[in-house]
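To keep things clear, I will list the structure first and then write my remarks on it.
The values are calculated or read from the model by the stated rules, or taken from the named source; none is laboratory data. Quick caveat: nothing in here was measured; it's all calculated off a predicted structure. A quick note on method: Cβ atoms are made from the backbone with ideal geometry, for glycine too, and the neighbour counts reach across all protein chains shown. Calculation scope for accessible area: heavy atoms of the full protein, side chains included, ligands and nucleic acids excluded. Shrake-Rupley method; radii C 1.70, N 1.55, O 1.52, S 1.80 Å.
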Amino acid sequence: MSAPEPWLRGPIAGVPPTLQPAAHALQQALEDVRASVGTLDDAALWRSPGGGAPSAGWHVLHAGGALDRLLTYARGAALDDAQRAALAAEKAPEQVNGATLLAGFEARVAAAFAQLRATDPSTLADVREVGRAKLPSTVLGLLFHAAEHTQRHVGSVVTTARVVRG
């Protein structure tokens with residue numbers, strides 16, 4: 001029998017109760033990426049199904065990059081030059097091997113867990129600005145969106161991996 005999904009395994013150590021849903025979503029995303037990337041060779045990882053749909057590799061790369069960017073905004077910081085360059089590079093990504101791609105995603109999720117653990121629940125309603133347009137959000141809004149956006153792209157990883165495997 002396989003393990004239950006993360007949200008059914010109890011609290012993730014050190015994460016405040018109000019942030020457990022985000023932590024569970026990120027844990028599920030991590031497990032799904034590990035399972036999907038592990039089923040693809042490097043060519044399949046970067047294959048665009050259906051004549052132009054994004055590859056599984058692109059979705060992994062974007063999910064990790066967006067997670068990093070959203071967490072930066074949640075901390076009340078602006079993107080740095082490296083983050084802006086990484087965002088621009090997502091338009092035509094370097095097709096790294098699966099192990100390298102997975103390691104990068106794992107590092108982003110580990111950083112997200114560290115940030116969730118360090119987040120003071122009393123700051124969740126604090127206003128944060130997003131992007132150059134300085135659109136309004138909150139710490140909680142950004143942490144929730146970071147988790148759900150990651151999940152959205154990981155769902156595409158899972159589906160795209162199935163399609164390109166045949």
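Given that compact globular proteins tend to follow 2.2 N^0.38 Å, what is the ratio of the alpha-carbon Rg of segment 74-115 to that value?
1.34
So what's the Cα pair-distance distribution over segment 85-166, bin width 10 Å, in %?
13, 36, 34, 14, 2
So, R0 is 35 Å and r is the distance between the beta-carbons of D81 and M1; what FRET efficiency does that work out to, to 0.05?
Working from the Cβ atoms, E equals 0.15.
Collect residues whose amide H, placed 1.01 Å from N in the peptide plane, falls under 5 Å from the amide H of R128; neighbours closer than 5 in sequence don't count.
The list, which skips near neighbours in sequence, is S137, T138, V139.
For segment 39-47, take each phi angle, set θ = phi - 60°, evaluate the Karplus expression 6.51 cos²θ - 1.76 cosθ + 1.60, and give the result in whole Hz per residue in order, putting x for glycine and proline.
9, 10, 7, 4, 5, 5, 4, 9, 6
For q values of 0.18, 0.22, 0.24 Å⁻¹, compute log₁₀ I(q)/I(0) with the Debye formula on a Cα-only model of segment 1-97, without solvent.
The calculated log intensity ratios at q = 0.18, 0.22, 0.24 Å⁻¹ are -1.00, -1.15, -1.20.
Please identify the trypsin sites (Lys or Arg not before Pro) of segment 86-166 that satisfy two criteria: DSSP loop assignment and at most 13 other Cβ atoms within 10 Å. Which are they?
Here the trypsin sites (Lys or Arg not before Pro) that fit, given the DSSP loop and packing criteria, are K91, R132, K134.
Just report the Cα centroid separation between segment 129-166 and segment 82-100, whole Å.
About 16 Å separates the Cα centre of segment 129-166 from the one of segment 82-100.
Hey, got the dipole for the chain? About the Cα centre, +1 on K and R Cβ, -1 on D and E Cβ, debye to the nearest 20?
That gives the chain a dipole magnitude of about 220 debye.
If the viscosity is 1.002 mPa s and the temperature 20 °C, what translational diffusion coefficient in µm²/s does Stokes-Einstein give for the chain when Rh comes from Kirkwood over Cα pairs?
The calculation lands on 130 µm²/s.
Express in Å², to the nearest 10, the accessible area of T160 obtained by rolling a 1.4 Å probe over the protein heavy atoms while all chains stay in place.
It works out to around 10 Å².
Which helices, counted as full DSSP H runs in the chain, have an axial Cα extent of no less than 15 Å and a Kyte-Doolittle average of -1.0 or above?
Within the chain the helices that satisfy the rule are 20-37, 56-74, 98-118, 139-165.
For the chain, with a Gaussian network of springs between Cα atoms less than 10 Å apart, report the residue from T119, T150, T100 with the top mean-square fluctuation.
For the chain, modelled as a Gaussian network with Cα springs under 10 Å, the answer is T100.
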